[in-house]
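To keep things clear, I will list the structure first and then write my remarks on it.
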Amino acid sequence: MNTTTQIPENMELVYQYPDSMTKTYTHYCPGCVHGIVHRLVGEVLDELDLREKSIGVAPVGCSVLIYNYFNVDFVEAAHGRAPAMATGLKRTNPDKFIFTYQGDGDLAAIGTAEIIHAANRGELISTVFINNAIYGMTGGQMAPTTLPGMKTTSSPGGRDCKIAGYPIKMSEILAQTEGAAYITREAGTDIRSIRKLKKAIKRAFLTQIEGLGFSCVEVLANCPTNWNMDPWESMLWSKEQMTPYFPLGTYKMREEVKALKV
Amino acid sequence: MAKGMVIIDVERCKGCGLCTHVCPVNILELSPDTFNAKGYRPVTVTDMDECIGCAACATICPDVVFTVYRQRRQRATATA
């Protein structure tokens, strides 16, 4: 950082680097929403003063190296098993704050059983779920959330729903489970939705702190590299193409969660 | 007198350009002639006097490049 810059006396600090994050440069592609959501998680951990009592569970996927970027304890789970690992961590350390951070290849494909049962049991964990409709880390293959007709490296002619089935709507599924207290889908693609997303993450984290049940925030994200777009174009594409299939909104919010002050 | 001010951590920037699209006063652009250590063209401010300290750039930045300052409110009303 340029420390030589003089800050005029009448200026106050509006935004600075979150304390909960390390200064490590992220490995994400330029313009990836992962970076934005990492930052929001860091800000919320700071605001709720959770840094010293949090344990994160890292997934497999683009965010597999998330433990390098946060100043909190992390464990690495097998592919898709983050909610199962988080369950064990929370049950043995009920005073800790446990969150998982998963992508759509992790949560919606190989880890579907784990997340549904964790939600159904009402485990006191919080999940941040990044949905960018593609497998980013392995080179842009078709994911369960890939949109109908969308071209990927493993569906070069576009996703044919007769063969590959339909995109899975995880938030709607999780909202049906009894144990879930707060299930919402937000976007991370423009200023307004990012501000809303931060509030949603904060509410989800508070849900766990207050012991109200399972909480999950799904984030509609982008993948400029594997969608073959420039970052801004991918943000617009996510907004225009993904939002109609994956409608934004809160799918489940118990009264107690609604009463939380965010 | 500028209402706001941003400090850019040039080495963190990956030149994705998202901030240049969301800046309401259009003072951000990718550097036309310099590179950072990673080889990206980092974002630069063309006219800091125009900055309003809205922190839109910091809100969308995936790499936490920006530190944002804004004029204190009571001081702003006193001078107005």
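Miscellaneous remarks
- Of all residues in region A:203-232, those that are surrounded by fewer than 20 Cβ atoms within 10 Å (Cβ to Cβ), away from chain B (no Cβ under 14 Å) and not in a loop (DSSP other than H, G, I, E, B) total 2.
- Filter result for the condition that a residue is touching a strand residue (DSSP E or B) at 6+ places or on another chain (Cβ under 6 Å), over 23 Å from A:V41 (Cβ atoms), within 9 Å of chain A (Cβ to nearest Cβ) and hydroxyl-bearing (S, T, Y), over B:Y40, B:Y69: B:Y69
- Failed criterion for B:D63 (all others in (1) in a helix (DSSP H, G or I); (2) touching a residue at least 40 places away in the same chain (Cβ under 8 Å) hold): (1)
- A:A164 touching a strand residue (DSSP E or B) at 6+ places or on another chain (Cβ under 8 Å) and surrounded by fewer than 23 Cβ atoms within 10 Å (Cβ to Cβ): yes
- Output for region B:18-39, where each listed residue is assigned to a loop (DSSP other than H, G, I, E, B) and either under 22 Å from A:T189 (Cα atoms) or hydrophobic (A, V, I, L, M, F, W, C) (or both): B:C23, B:P24, B:V25, B:N26, B:I27, B:F35, B:A37
- Just one of (1) at positive phi; (2) more than 11 Å from every other protein chain (Cβ to nearest Cβ); (3) not basic (K, R) fails for B:S31. It is (1).
- Hey, A:T5 within 20 Å of A:I194 (Cα to Cα), polar (S, T, N, Q) and in contact with a strand residue (DSSP E or B) (Cβ under 7 Å, 6 or more places away or on another chain) or not: no
- Some residue of region A:99-106 being within 14 Å of chain B (Cβ to nearest Cβ), touching a helix residue (DSSP H, G or I) at 6+ places or on another chain (Cβ under 8 Å), closer than 30 Å to B:G17 by Cα and not β-branched (V, I, T): no
- Among the residues of region A:233-259, the one identified as of a type in the set (G, A, S) and out of contact with any Ser or Thr (no Cβ under 9 Å at 6 or more places or on another chain) is A:A259.
- Qualifying residues in region A:190-202 (those that are out of contact with any Asp or Glu (no Cβ under 8 Å at 6 or more places or on another chain) and in a helix (DSSP H, G or I)) - the one farthest from A:R254 (Cα to Cα): A:I191
- At least 3 residues being farther than 24 Å from B:G39 by Cβ and aliphatic (A, V, I, L, M) is the threshold, and among the strands (runs of 3 or more DSSP E) wholly inside region A:1-104 those reaching it are A:11-15, A:54-58.
- Pairs with Cβ under 8 Å, 6+ apart, first in region A:238-253 and of a type outside the set (S, T, N, Q), second in a helix (DSSP H, G or I) and modelled with pLDDT of 95 or more: A:F246/A:S171; A:L248/A:S193; A:Y251/A:S171; A:Y251/A:E172; A:Y251/A:L174; A:Y251/A:A175; A:K252/A:L174; A:K252/A:A175
- Within this structure, A:E52 fails the test of being exposed (fewer than 15 other Cβ atoms within 10 Å of the Cβ), at pLDDT 95 or above and over 23 Å from B:T44 (Cα atoms).
- In region A:150-189, residue nearest to A:L40 (Cα to Cα) [restricted to those that are touching a helix residue (DSSP H, G or I) at 6+ places or on another chain (Cβ under 7 Å) and assigned to a loop (DSSP other than H, G, I, E, B)]: A:G188
- Hits in region B:47-58 (condition: assigned to a helix (DSSP H, G or I), touching a strand residue (DSSP E or B) at 6+ places or on another chain (Cβ under 8 Å) and within 7 Å of chain A (Cβ to nearest Cβ)): B:A58
- Condition check for A:L45: aliphatic (A, V, I, L, M), more than 7 Å from every other protein chain (Cβ to nearest Cβ) and surrounded by fewer than 20 Cβ atoms within 10 Å (Cβ to Cβ): no
- Unmet requirement for A:V33, which otherwise passes all of (1) within 14 Å of chain B (Cβ to nearest Cβ); (2) among the β-branched types (V, I, T); (3) in contact with an Asp or Glu (Cβ under 7 Å, 6 or more places away or on another chain): (3)
The values are calculated or read from the model by the stated rules, or taken from the named source; none is laboratory data. Model, not experiment: these values are computed from the prediction. Cβ: placed from backbone, ideal geometry, glycine included. Neighbour counts: every protein chain shown.
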